Amino acid sequence: MVEHAALKARRDGAGGEAMRIIRLAETARPAVSFTLDGLKTEALVGDTLLVAILAVDGRVRMSEFGDGPRAGFCWMGACQDCWVTVQGRGRLRACSTPVEDGMKVIRT
């Protein structure tokens with residue numbers, strides 16, 4: 001899978017360790033392209049936006065309370081921790097929205 005250099009630098013930069021998903025199985029699924037904060041990246045068919053984002057960057061958003069990166073909380077659509085904005089579709093929960101080819105995602 002292609003990892004955009006700017007996302008990798010942001011993930012590996014200062015600010016401590018962030019969560020990152022490492023694929024151990026189902027790696028042969030077809031790839032789809034999507035844009036995350038203006039940077040083109042890839043996910044696998046069947047991934048939710050939350051999995052796709054955490055696989056490339058390690059955070060779904062920064063906490064508005066100043067306590068660092070957030071990686072989702074419940075992973076089942078019950079909390080309010082993983083909202084993202086998808087162009088043309090508005091604010092969606094990343095944990096329950098499948099990634100689609102060509103999606104333009106902005107973290108909120």
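The values are calculated or read from the model by the stated rules, or taken from the named source; none is laboratory data. Because the structure is a prediction, the values reported are computed rather than measured. When the accessible area is computed, the model is the full protein with side chains, heavy atoms only, and any ligands, DNA or RNA have been set aside. Shrake-Rupley method; radii C 1.70, N 1.55, O 1.52, S 1.80 Å.
Before moving on, here are some points about what is shown:
- Karplus-derived HN-Hα couplings along segment 47-55 (A = 6.51, B = -1.76, C = 1.60, θ = phi - 60°), whole Hz, x at Gly and Pro: 5, 7, 4, 4, 5, 4, 5, 5, 6
- Carbon + sulfur, % of accessible area of segment 37-108 - ligands and nucleic acids excluded, 1.4 Å: 55
- Rounded to whole Hz, the Karplus (6.51, -1.76, 1.60) HN-Hα couplings of segment 61-74, x for glycine and proline: 6, 9, 5, 6, 9, x, 9, x, x, 10, 10, x, 10, 9
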